[in-house]
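Reading through the structure tokens given below for one structure.
Coordinate-derived values only; no laboratory data. Quick caveat, the model's predicted, so the values are computed rather than measured. Reconstructed Cβ throughout: ideal geometry from the backbone, glycine too, with neighbour counts over all protein chains shown.
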Amino acid sequence: MGVPKRRKSRSRKKMRVRSHRHPMPSLAKCPKCHAWTQPHRTCPSCGYYGDRQVISITAE
């Protein structure tokens, strides 16, 4: 089993960890209200998924 001979410097460690960041989620426009939402999810502003209403949103 391999064991490192020397300690990694802070910059080398940060360079390795920097690639572990999560990318930003992709966004698509809702066909009903044209708000930005994640694709294949129910729109939080109007409650539609595609062309059918899944949840009812009431105005406050």
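Couple of notes before you dig in:
- Cβ-Cβ distances below 9 Å connect the following pairs, each with a first residue in segment 15-31 that is free of Cβ contacts under 8 Å to residues at least 60 places away in the same chain, a second residue that is β-branched (Val, Ile, Thr) and outside any helix (DSSP H, G or I), and a separation of six or more residues or different chains: Leu27/Thr37; Ala28/Thr37; Lys29/Thr37; Cys30/Thr37.
Each row is one residue, and each column tells you yes or no for (1) part of a loop (DSSP other than H, G, I, E, B); (2) surrounded by 11 or more Cβ atoms within 10 Å (Cβ to Cβ); (3) among the aliphatic types (A, V, I, L, M); (4) in contact with a helix residue (DSSP H, G or I) (Cβ under 9 Å, 6 or more places away or on another chain).
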| site | (1), (2), (3), (4) |
| --- | --- |
| Pro4 | yes, no, no, no |
| Ser11 | no, no, no, no |
| Val17 | no, no, yes, no |
| Lys32 | yes, yes, no, no |
